[in-house]
Each structure stands twice: as structure tokens, then as C-alpha cells.
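J.: Here it is, the structure in full.
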Amino acid sequence: MRAPASDPVDRTRFPVEGWGLTEIRYDLAGIGQRETVFSVANGYLGLRGNDEEGSAEAYAHGTFVNGFHETWDIKHAEDAPGFARTGQTIVNVPDAKTIALTVDGQPLRLADPGVETFVRSIDFRDGILRRDVLWRTDSGRQVSVRSTRMVSFTRRNLALMTFEVTVLDGDAEVVITSDVRNRQDEPPEGRAPVVGFDPRRSSQFENRVLLSQLTLEEQGRIALGYRAAHSGLGLAVCVDHDLYTADPVAIETRMNADLGRRTYRVDASEGQPMLLVKWVAYHEGTAEVGVEDLVGLARLTLDDAEAVGREVVEAEQRDWLQTYWANADVEFDGQPELQQAVRWCLFQLAQAAGRVDGGGIAAKGVTGSGYHGHYFWDTEVYLVPFFTHTNPELARRALRFRISMLDAARQRARELSQDGALFPWRTINGLEASAYYAAGTAQYHIDADVAWAMCKYADVCDDPGFLLGEALPVLVETARLWADLGFFRGPERRFNIYSVTGPDEYSTVVNNNLYTNLMARANLERAARAVRTLAATDPDAHARAATELHLTDDEVERWEAAAAAMTIPFDEGFGVHPQDEDFLKREVWDLAHTPPEWMPLLLHYHPLVIYRFQVLKQADAILALFMAGDAFTPEQKRADYEYYDPITTGDSTLSAVVQSIIAAEVGYQDRALASFMEGIFVDLADLHHNTADGVHIASAGGAWNALVYGFGGLRDYRGRISLDPRLPSRWRTLRFGFGLSGSRVRAELTASELVLTLQDGPGGTLTVRGCEVVIDSPEPVHVPLDGQGPLLPTIEGSIPLIHGRPATPDEVTVGLPTVAQMLSD
């Protein structure tokens, strides 16, 4: 997929603004995408941007608590030892967003012609979703409806909503109905239909999920308690209301196992506002925690929040986000559309991770049920670098979540007859949940990704104690897996890793995948170094670790030997690194003649058809050029990029941002910018047509990576910071922050210079285009720049380049599967 050269967002509907996203026209078309992009969340709790009225036209009413899931038995038509057994799916917890309105018996429906104005906006500086509606009823009454919705970053379990109604011209009978409703177990006809096959979308449960344990109404406060039928997890939701009006009001409460409803009937006077404040608290717990105890915690959450009041809660929110943006913001001059899109992406990272605390970061955060709410390797590769440089504490929390999964990873390795630990490709509770091992479990590289992220954090944040302490068991067990998985072969005794799948899911169960081998080598090296460093600096701690982990010097030497002998595929004839041993032998998929309606390939072709071709779902070798970039020469990077970029479909949203980084480095500035545009607009413009299922959180994190690692030219291999900028010619300025030996530095890049300013900490030394620069005081350091790197002409077509020119028919065979050929003729 190639992004449009211009801004792909409809600006007549979503105007450009610096610190928010606003919609000024209501339309049912594409409602699912808007439910996602207007979600509010804090990493623990997420509320989709559904209409307050609980519209039946919704794509998917959704409220999600991170990690609260149901389990189910994976049924394999043909079973085998080691296959994943336990599926996990995030649960749509009871929905408290609905606040419906009727005036003189007529309900407000946003799609009706009586709605004269509609404006919905979210401010990235306070995290509050606001909506203003002006409605003319059939009886001629003009009604103002203003609402807000937020999920607190400072009070992890709290959501807060307001709903204000004013009849502007005359008196009227107003009814406001506020619900908390178990939508997870509604009959299928109450949900939006699911059309077509798409493995990225979450499936629906056949049986009831939430078993009612408690229903309580006390002095207007509603409490519902549940336990998930199979996982046994407990959940409580408590709702309280405050209604402010000078007019007469009658109040009714209705309760059953799946619904708590509070109804206010107001004899509304002209011009007299009615303000409903709705306080909601969610708490979840393990099977061992009583639901009554969870309800008690939810009550305390409401008591504490209501005691300080709405204004204080909102002020806390602004303060939290002000601190977040001080480090996270990336600024442009003269690119307002890109500025808005980038800030939206960075705001999504706060919403996905801000308060995960001991949990993981799901591929969709808590904005939708896509991918079943699973955690993938995306966290370590696409998100941890951002948090490492901007919010180290959030990075550390994400890594501690992986550490908490180590015992399950050890068990998984044993199930696959391996030593050490194997982290699951997709999971919620630590168990492998991928039923298709070829594109799932076979992605052993996740072990190295986890180790890479832990080393990245420790190096950049100058926290060696993390690697030598709580992260050491992970380094040891992942190194053990590689040493056991691979083998020495041939007269040169090279170390080989067979039957694995790299990041590209269009090539599976291959031998010596380039990315996997490079990352495994780094994993082995860093594990050995950590053990030897611990032995030299703290012999007592080393002795304890050796005893607990059954570690010997001979084992460490085997890791070092495997790393030193690691096979790194290279084809002398083509001058490129093969993605795996056999990749270059395959036929090249003719993307130029593939019918657009047959994209993405994974939705239209049997996997075996795809596996026979040279075609990529996402960056694989190109990802290696970034993550293990110090293993390549500049010439090799250019050659590899020129070969793989033309045959990469971009069917995965993980791809564009990585392609942008390497395109910028090697000199394809137009490709770098096009790929960057695709990455930042993937959800705002729904470029992959599946934003309705949730935000693509990894792509949002990749936006920062593309800006800072790509155009900013930052590299942080082994904690050594270097910069070699690549500012696009149409950009005047790029400003961003990064970490340096535990300190904070702000960079301002223009075409002629790089200005570096120490913001916090003692500073340190870095290099700019090979020249050493010392940053040790708040005084800005000005570094002149001679250009912005090489500028190469555009790559045309979808034929891989060999030695800088398109491959010839003697070098590669280009073709299509038979059915696709017929359709393209």
C-alpha cells in the first residue's frame, strides 16, 4: 500500500487543528472508524466513541478493561502435541456510556434531519471528549445538548461523563435515561453484523460470558458484579449520578442482572439547563478475589472522586497530560495536517499505556476488540523505544509485564521440546493463543524482541541494574532457547536456526531467517555479557543467580560461541541479504497486475499460495536493517532496501513506519515521506479499512520512530546515541526529545543545523555524523549540517532492484497465481 501524496483526511468534516480532533458533520457512513478515533482511554479502561444515545446503528458498542478476558478451548480439526490449547478474548464489559434523551416524547437521534448542528471534539491536552448538538424537535422546540466524556489518567478505574440539556424556546417535558448495560451477552441481533472473513477481527462468543453475581442499588448508586464463565475473572462496575436543575424532577431506578437504569423526568423551563454528572468505576480481579470485594473497591473509587469533585478530576487530567506532552511531543513548522496526525498518534500511546500498570499493551489498546485484545511483540519493538526516550517508567512497566510471564514462557518452551523460555506470539494471560503455528508460534523472534527491548531500556536510561537484576532471568532463558534451538553445521561450524518464521507472515517456517538470526545473535551476546558483568561487579549476586537459574560458565561460553558463529545469509550474486535461505529462489509476485480488490492478500489467497512467492506482508529484512543496523554497511542497507521495498505489500500496518526509517537513511526521501504519511494516517483516514476494530497502536508508536529515528536520524545502538538527520525538503523544522545516559535532551532540526539542549540530568556525549558532541549544560549546542544526507531518485514499479537497477527476467521470475492472472486480464 502506498499512501496518497496529499492529506487523505476529509477536511470539510475534520478540520485541521493543532491540539485536537474535531468532527463537524454527523454521518452514519464510516461510523465504526469514528467510534475508534474518538475513543477515550487510559490503558486500563477504554470507552469507544459511541454516541451517547446508545444508537442501534453503532458498529460496535465497546467498553474494555485491559486484561479482562474470557477463555475458550481451541479446537483443532487435526491436532498435534504442542498446539495452543487456550484461546483468550477480551470481554466487552458493561457499558455505562449511554445517556439517552427524549423531549416531549421524541428521542434524540443524531441522524435525523432535526439535528441542526453537530460538533464532536477531543482535546489531546485534557483527554476530554466533548460534543455539542443543536436539535429542533418535531414540535418546534430548539434544544441544546452538550456532553463530555473522559477516562482518568490519575484515577485508573474512573470514568466521568456529563450531559447538559437546555430547551431554548419554551417549556418541555424532558426525560434523561442513563444506563449501565451488559452488551457482551446481548442477543446477536442487538449487534452490528460481521461481514466476510478477516482474521484480524475478534470473533463472538456462542454462550453467555458474564455470569451475574451481584445486583445492588443503594441511595441511587448502582452496582453490578460479574464473573467470567470460564476464565473465572471477576468484575465490578459502580455508577453514581448527580443531577443539577432548578426544575421539578422525578427519579426512577430499574435494576436487573444485565441493566442498571436511572431515569430523570424533568418539567423543563425555557432556558433552564439540566446537568447530569455520571461517575463510573470499574474494578477487575482474579478468580480468587470476591466480587463483593471488587464492588467495595469500585465504591471507594467513586467516594474519593466525588469527594474532590469534577473540576479537580479534570484538573488532574490536564496536569498529567501536560507532563506527558513535555517529553512526548514532536513539533513541526508549516505542516499543520501532519502535526495534528502525529499528535493524535502520540495521544493514542498515552491512552494505550498510561495506566496499564501491571498489565500489557494490547495491539488495539482498549479501543476495540480487534485481534481479540491480545498482546504481541509490537509492544517491545514499536512502543518500548518511544517510552524509553520519553517516559522511562512506562517502558519499565511494559517490560515488567513480560517478566511476569516468564514462568508461562518456560512451560511453553517445554511443550515445544525446547530448553529455556518461549514467549507467546499472541496472548492475554501468558498462554499461547495462536491456533495457526506457522504464522504464530513459529515466530520465535519474539524472544529476541523482548530481550532487545530490555537492553534498549537499560542502555538508554542508564539503568544497568535492571538487566543485572529483574531482567536477568529473561535474558538467560531466552539465550538458552536459542542455544538449544540452533545447531552448528558445515566445515566452518556456522550456527543455524531452522524452521522459524520472521516478522513477515507471508513467508513461514523457513531456515535462517535474517531478522531472527541477527536478533538471536544480539540476545545471546547480551545475555552472556550480563552474566559476566554480574560476576565481575557483584559476585554474591552472581552466585545466587547461578544457583537459582542453574547457570554454569560452560553454558555462557556456548552462548558466545553460537553468537560468534551465527549464520547471516548473504547472496553475492544479487548483493543482498536473503530474507531466508530459500527466499530468493521463489517466483516474484506481480504486484503491479494484482487486482486491487484482491488486496490484502491474506484475505483472498490460501497461505500456501502466498508462501510460494517473493512477496512481503510487512518489513522483515528491512526491519533488521533498523533494529540491528550496526551489523550492515551503508551500501548493504541501500541494496537490501531496494530489493525488498518494491515487493512489500504493506498489508500489515507495522510495515510503513519501518520502511520510512530506512528509506530516509539510505536516501529515498520521497519514499520515506510517503511511507510516513501512510503510517500516521492509517487510522485517521482508515487506510486499511479496519480502524473500526480499534486503533493500530504499533503504527501509532511507529510514527514517533519514523520521525525521530528516520527524519531525526537518531540511533541508540548499545546506548550510544548518534544523529545523522534527514529532514524532508518541504519541512522547515523538526523538534523532538530523546534520552541520553538517563538525561533528557531536546533537539531542533533545520536544513542547516541541529540544536541540542539539555533539559534534565547531567547530560553526556553523543555523535552527530561521526563528530563527538558533549551536552553537559542547559546552554544550547549548535551543530552545523551540510545537507540532509543522500538524495536518490524515486523507485518506480514493483520489481526488486539488483545492483541499483530493476531485476531482469534472467534474474527473477515474475508471475501471479492462475486465478489472479485471469482476473487481471
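The values are calculated or read from the model by the stated rules, or taken from the named source; none is laboratory data. Nothing here was measured: the structure is a model prediction, and the numbers come from that model. For neighbour counting, all protein chains shown are included, and Cβ atoms are generated from backbone atoms with ideal geometry for every residue, glycine included. Accessible surface areas use protein heavy atoms only, side chains included; no ligands, DNA or RNA. Shrake-Rupley method; radii C 1.70, N 1.55, O 1.52, S 1.80 Å.
J.: Given the criteria among the polar types (S, T, N, Q) and open to solvent by 50 Å² or more (accessible area, probe 1.4 Å), does GLN443 qualify?
T.: Taking the combined requirement at face value, the residue does not satisfy it.
J.: Moving on. I'd like to verify a number: residues in segment 323-338 that are open to solvent by 50 Å² or more (accessible area, probe 1.4 Å) and assigned to a helix (DSSP H, G or I), how many?
T.: 4
J.: Just the residues that are at pLDDT below 95, surrounded by 10 or more Cβ atoms within 10 Å (Cβ to Cβ) and either in contact with a helix residue (DSSP H, G or I) (Cβ under 6 Å, 6 or more places away or on another chain) or of a type in the set (A, V, I, L, M) (or both), please, taken from segment 61-81.
T.: Of everything in segment 61-81, just one residue is at pLDDT below 95, surrounded by 10 or more Cβ atoms within 10 Å (Cβ to Cβ) and either in contact with a helix residue (DSSP H, G or I) (Cβ under 6 Å, 6 or more places away or on another chain) or of a type in the set (A, V, I, L, M) (or both), namely ILE74.
J.: Now for a different question. Tally the residues that are hydrophobic (A, V, I, L, M, F, W, C), over 23 Å from VAL280 (Cα atoms) and either part of a strand (DSSP E or B) or free of Cβ contacts under 8 Å to residues at least 40 places away in the same chain (or both), restricting the search to segment 121-174.
T.: The number of residues fulfilling the criteria is 7.
J.: Something else now. Taking LEU302, is it under 25 Å from ILE176 (Cβ atoms) and touching a His at 6+ places or on another chain (Cβ under 7 Å)? Show your work before the answer.
T.: Working: under 25 Å from ILE176 (Cβ atoms): yes; touching a His at 6+ places or on another chain (Cβ under 7 Å): no.
No; evaluated as a whole, the condition is false for this residue.
J.: I've got another one for you. Got a sec? Which strands (runs of 3 or more DSSP E) wholly within segment 696-781 have at least 2 residues that are open to solvent by 10 Å² or more (accessible area, probe 1.4 Å)?
T.: Strands (runs of 3 or more DSSP E) meeting the threshold: 743-749, 753-760, 764-768, 771-775.
J.: So which residues in segment 339-360 are open to solvent by 10 Å² or more (accessible area, probe 1.4 Å) and touching an Asp or Glu at 6+ places or on another chain (Cβ under 8 Å)?
T.: Within segment 339-360, GLN339, ARG343 qualify.
J.: Please give the number of the condition ASP419 fails out of (1) without any contact (Cβ under 8 Å) to a residue 60 or more places away in the chain; (2) open to solvent by 40 Å² or more (accessible area, probe 1.4 Å); (3) touching a Lys or Arg at 6+ places or on another chain (Cβ under 6 Å).
T.: (1)
J.: Please go through segment 391-408 and pick out each residue that is surrounded by fewer than 19 Cβ atoms within 10 Å (Cβ to Cβ) and farther than 14 Å from GLU470 by Cα.
T.: Residues satisfying the conditions are GLU393, ALA408.
J.: Among the residues of segment 574-591, write down those that are aliphatic (A, V, I, L, M) and either out of contact with any Ser or Thr (no Cβ under 9 Å at 6 or more places or on another chain) or assigned to a loop (DSSP other than H, G, I, E, B) (or both).
T.: Of everything in segment 574-591, those that are aliphatic (A, V, I, L, M) and either out of contact with any Ser or Thr (no Cβ under 9 Å at 6 or more places or on another chain) or assigned to a loop (DSSP other than H, G, I, E, B) (or both) turn out to be VAL576, LEU584.
J.: If you scan segment 362-374, which residues turn out to be open to solvent by 10 Å² or more (accessible area, probe 1.4 Å) and within 10 Å of the chain's Cα centre (by Cα)?
T.: Of everything in segment 362-374, just one residue is open to solvent by 10 Å² or more (accessible area, probe 1.4 Å) and within 10 Å of the chain's Cα centre (by Cα), namely ALA363.
J.: Looking only at residues in segment 124-140 that are charged (D, E, K, R) and open to solvent by 70 Å² or more (accessible area, probe 1.4 Å), which one is nearest to the chain's Cα centre (by Cα)?
T.: ARG125
J.: Within segment 619-641, does at least one residue satisfy the condition of being surrounded by fewer than 24 Cβ atoms within 10 Å (Cβ to Cβ), touching a Pro at 6+ places or on another chain (Cβ under 8 Å) and either modelled with pLDDT of 95 or more or not in a strand (DSSP E or B) (or both)?
T.: Scanning segment 619-641, I find no residue that is surrounded by fewer than 24 Cβ atoms within 10 Å (Cβ to Cβ), touching a Pro at 6+ places or on another chain (Cβ under 8 Å) and either modelled with pLDDT of 95 or more or not in a strand (DSSP E or B) (or both), so the answer is no.
J.: While we're on this one: If I go through segment 44-55 residue by residue, how many of them are open to solvent by less than 10 Å² (accessible area, probe 1.4 Å) and in a loop (DSSP other than H, G, I, E, B)?
T.: 4
J.: Moving on. Can you tell me which residues in segment 186-220 are open to solvent by less than 40 Å² (accessible area, probe 1.4 Å), at pLDDT 95 or above and more than 15 Å from VAL91 (Cα to Cα)?
T.: Listed by number, the list holds a single entry, LEU214.
J.: Quick one: what pairs do we get from segment 22-46, first residue within 11 Å of ILE122 (Cβ to Cβ) and among the hydroxyl-bearing types (Ser, Thr, Tyr), second part of a loop (DSSP other than H, G, I, E, B) and open to solvent by 10 Å² or more (accessible area, probe 1.4 Å), C-beta under 7 Å, 6+ apart or different chains?
T.: Listed by first residue and then by second, the contacts come to THR22/PHE14; THR22/PRO15.
For every residue, the table says whether it meets (1) buried (at least 23 other Cβ atoms within 10 Å of the Cβ); (2) farther than 26 Å from PRO539 by Cα; (3) among the aliphatic types (A, V, I, L, M).
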site: LYS456; (1), (2), (3): yes, no, no
site: GLY465; (1), (2), (3): no, no, no
site: LEU468; (1), (2), (3): no, no, yes
site: PRO473; (1), (2), (3): no, no, no
site: ALA479; (1), (2), (3): yes, no, yes
site: LEU485; (1), (2), (3): yes, yes, yes
site: ASN496; (1), (2), (3): no, yes, no
site: SER499; (1), (2), (3): no, yes, no
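J.: Surrounded by 16 or more Cβ atoms within 10 Å (Cβ to Cβ), under 28 Å from the mean Cα position of the chain (by Cα) and not small (Gly, Ala, Ser) - does that describe any residue in segment 257-275?
T.: No, segment 257-275 contains no residue that is surrounded by 16 or more Cβ atoms within 10 Å (Cβ to Cβ), under 28 Å from the mean Cα position of the chain (by Cα) and not small (Gly, Ala, Ser).
J.: Now a separate question. Yes or no: PRO248 open to solvent by 20 Å² or more (accessible area, probe 1.4 Å) and modelled with pLDDT of 95 or more?
T.: yes
J.: Oh, and also: Given the condition modelled with pLDDT of 95 or more, open to solvent by 20 Å² or more (accessible area, probe 1.4 Å) and part of a helix (DSSP H, G or I), answer yes or no: does some residue in segment 566-573 qualify?
T.: No, the conditions are met nowhere in segment 566-573.
Per-residue answers, yes or no, for (1) open to solvent by 60 Å² or more (accessible area, probe 1.4 Å); (2) more than 29 Å from the chain's Cα centre (by Cα):
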site	(1), (2)
TYR226	no, no
SER231	no, no
LEU243	no, yes
ASP304	yes, yes
GLU314	no, no
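For (1) open to solvent by less than 20 Å² (accessible area, probe 1.4 Å); (2) outside any strand (DSSP E or B); (3) farther than 21 Å from SER231 by Cα, each residue gets a yes or a no:
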site: GLU57; (1), (2), (3): no, yes, yes
site: GLY87; (1), (2), (3): yes, no, no
site: ALA100; (1), (2), (3): no, no, yes
site: GLU116; (1), (2), (3): no, no, yes
site: VAL119; (1), (2), (3): no, no, yes
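J.: Sticking with this one: Go through SER147, SER121, SER139 for me and flag whichever is of a type in the set (Ser, Thr, Tyr) and closer than 13 Å to TYR26 by Cα.
T.: Numbers: SER147 fails: closer than 13 Å to TYR26 by Cα; SER139 fails: closer than 13 Å to TYR26 by Cα.
That would be SER121, the only listed residue that is of a type in the set (Ser, Thr, Tyr) and closer than 13 Å to TYR26 by Cα.
J.: Take the conditions touching a Cys at 6+ places or on another chain (Cβ under 7 Å) and within 19 Å of GLY365 (Cα to Cα) and apply them to ALA692. Does it pass? Can you show your working first?
T.: Numbers: touching a Cys at 6+ places or on another chain (Cβ under 7 Å): no; within 19 Å of GLY365 (Cα to Cα): yes.
Answer is no for this residue.
J.: Considering segment 782-793 alone, what residues qualify as being open to solvent by less than 70 Å² (accessible area, probe 1.4 Å) and at negative phi?
T.: Scanning segment 782-793 gives VAL783, LEU785, GLN788, PRO790, LEU792.
J.: On to the next question. The conditions are (1) modelled with pLDDT of 95 or more; (2) in contact with a helix residue (DSSP H, G or I) (Cβ under 8 Å, 6 or more places away or on another chain); (3) open to solvent by 10 Å² or more (accessible area, probe 1.4 Å), and LEU602 fails exactly one of them. Which is it?
T.: With (1) modelled with pLDDT of 95 or more; (2) in contact with a helix residue (DSSP H, G or I) (Cβ under 8 Å, 6 or more places away or on another chain); (3) open to solvent by 10 Å² or more (accessible area, probe 1.4 Å) applied to LEU602, the lone miss is (1).
J.: Moving on to the next point. Please determine, by comparing only the residues of segment 102-114 that are part of a loop (DSSP other than H, G, I, E, B) and either of a type in the set (Asp, Glu) or without any contact (Cβ under 8 Å) to a residue 40 or more places away in the chain (or both), which one is farthest from VAL277 (Cα to Cα).
T.: Looking at residues that are part of a loop (DSSP other than H, G, I, E, B) and either of a type in the set (Asp, Glu) or without any contact (Cβ under 8 Å) to a residue 40 or more places away in the chain (or both), I get PRO113.
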